[in-house]
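Engineer: After the structure tokens below, expect a handful of questions from me.
The values are calculated or read from the model by the stated rules, or taken from the named source; none is laboratory data. Treat the numbers as computed from the prediction; the structure is a model and nothing was measured. When we count neighbours, we look across all protein chains shown, and the Cβ atoms used for this are built from the backbone with ideal geometry, even at glycine. Note: accessible area is taken over every heavy atom of the protein model, side chains too, but ligands, DNA and RNA are not part of it. Shrake-Rupley method; radii C 1.70, N 1.55, O 1.52, S 1.80 Å.
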Amino acid sequence: MWELSIAVSCKNLEIAKFIYQSLKKEGASLGGVVTCYEEFENFYILFGCPVEKQQKACEEIEKCIIKVICNFYKERFLTENLRLPTHENISVTAFKKALINFDKETDIYYISKNLQLQDNLHLDSFYFFKLKALRDKWQELIALANENSDYLVSNEAFYDLLKFLIDNLEVCEDEINVFENEDGYLLQSQNEDLKSENLSKEGLVSSLIELSPKKINFFCRSDDNTAGFLTKIFEERVNICYNKNLEKISLLGQTH
């Protein structure tokens, strides 16, 4: 049996839950066992699987750790260091999400290069002691935004930069359908291998920025203001459709 222990600070309960739930699902598919417990100031997630499944297990654990660093840790780093002018909440959420996903390939390289899965991994120690170069890279991006914060007071300048960031994200999906209902928004890829639960407006915008699809079909009420916001930041990639009868009422741009 191959085993790995991952320690997460009790201050990071959300991260510990994410890792546990992600690895529990993967562990079951590999014939492994995943448990967790709390001791002193840490949560411990224990992963065990047959030795012949170790390589596949390490690949899945690495993906999970990369996602945690690139999302949870980077978002916290941005929140603590980024100084943006006052804009509506949805705009700031979109801007931070675009920064989180900007140049993600390099982020992944730094993490993968330094990650060693041997017996024990203390996540905070790994982040603070092994990923200084990664944080320096993030700080350079933040410094650029902070130095131009006066310029970003203008809505036009702010959205120009936001659109630039989004246009330069790696495309992860060809086409995404978004359906509005009474509880929020449902997101679904064309081949239906990706489906979401009900999302808030902020959750929808964040998910679409992370997926960065080539085309977004948005089925909504004719008076939905989310459609206007998505069109502003994704521009010609968005097709606005009428939800009630699934009848297209307007086509904003063409997909190339």
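Engineer: Does the stretch 12-39 hold any residues that are open to solvent by 60 Å² or more (accessible area, probe 1.4 Å) and touching a residue at least 24 places away in the same chain (Cβ under 8 Å), and which are they?
Structural biologist: Matches in the stretch 12-39: 13, 14, 38.
Engineer: Right, another one. Where the second residue is not in a helix (DSSP H, G or I) and the first is closer than 13 Å to residue 132 by Cα and lies in the stretch 103-114, which pairs have Cβ atoms under 7 Å and are six or more apart or on separate chains?
Structural biologist: Qualifying pairs under 7 Å: 110/131; 111/131; 114/131.
Engineer: In addition: Identify, please: which residue in the stretch 73-107 is of a type outside the set (D, E, K, R) and outside any helix (DSSP H, G or I) and is, among those, surrounded by the fewest Cβ atoms within 10 Å (Cβ to Cβ)?
Structural biologist: The selected residue is 86.
Engineer: Determine if the stretch 187-204 includes at least one residue that is more than 18 Å from the chain's Cα centre (by Cα), surrounded by 12 or more Cβ atoms within 10 Å (Cβ to Cβ) and farther than 26 Å from residue 65 by Cβ.
Structural biologist: Within the stretch 187-204, one or more residues are more than 18 Å from the chain's Cα centre (by Cα), surrounded by 12 or more Cβ atoms within 10 Å (Cβ to Cβ) and farther than 26 Å from residue 65 by Cβ.
Yes/no matrix, rows are residues, columns are (1) within 23 Å of residue 168 (Cα to Cα); (2) among the charged types (D, E, K, R):
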site	(1), (2)
14	no, yes
29	no, no
40	no, no
54	no, no
59	no, yes
87	yes, no
92	yes, no
115	no, no
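Engineer: Which of the residues spanning the stretch 113-148 are crowded, with 16+ Cβ neighbours inside 10 Å and of a type in the set (Ser, Thr, Tyr)?
Structural biologist: Result: 127, single match.
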